[in-house]
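Below: one structure, written as structure tokens.
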Amino acid sequence: MDTKEIFSAVGNFGFPMVLSWYLLLRMEQRLDKLTNCLNQLAQALLKNNKEL
């Protein structure tokens, strides 16, 4: 492979890979927050049902 072709491939595929990695990390953090909120909701519902 030619050096020019290698740099072209990195330029074409490098940015999408970095962007995908960044978005996946952000999504993972949001999913963790969502999981925590759902667990808190489940606990609140169980506590409410026990009080009734």
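With protein chains left intact and a 1.4 Å probe, residues in the chain average 101 Å² of accessible area per residue. Relative to its residue count, the chain spans a Cα convex hull of 52 Å³ per residue. For the chain, the longest principal axis of the C-alpha atoms and the axis of helix 3-51 are separated by about 0°.
Computed from label points 7 Å out along Cα-Cβ, the spacing between Leu25 and Ala42 is 2.9 nm.
The values are calculated or read from the model by the stated rules, or taken from the named source; none is laboratory data. Here the structure is a predicted model, which is why all the values come from computation and not from measurement. Virtual Cβ from ideal backbone geometry, glycine too; neighbours counted across all protein chains shown. For the accessible areas, the whole protein counts, side chains as well, though only heavy atoms, and no ligand, DNA or RNA atoms are used. Shrake-Rupley method; radii C 1.70, N 1.55, O 1.52, S 1.80 Å.
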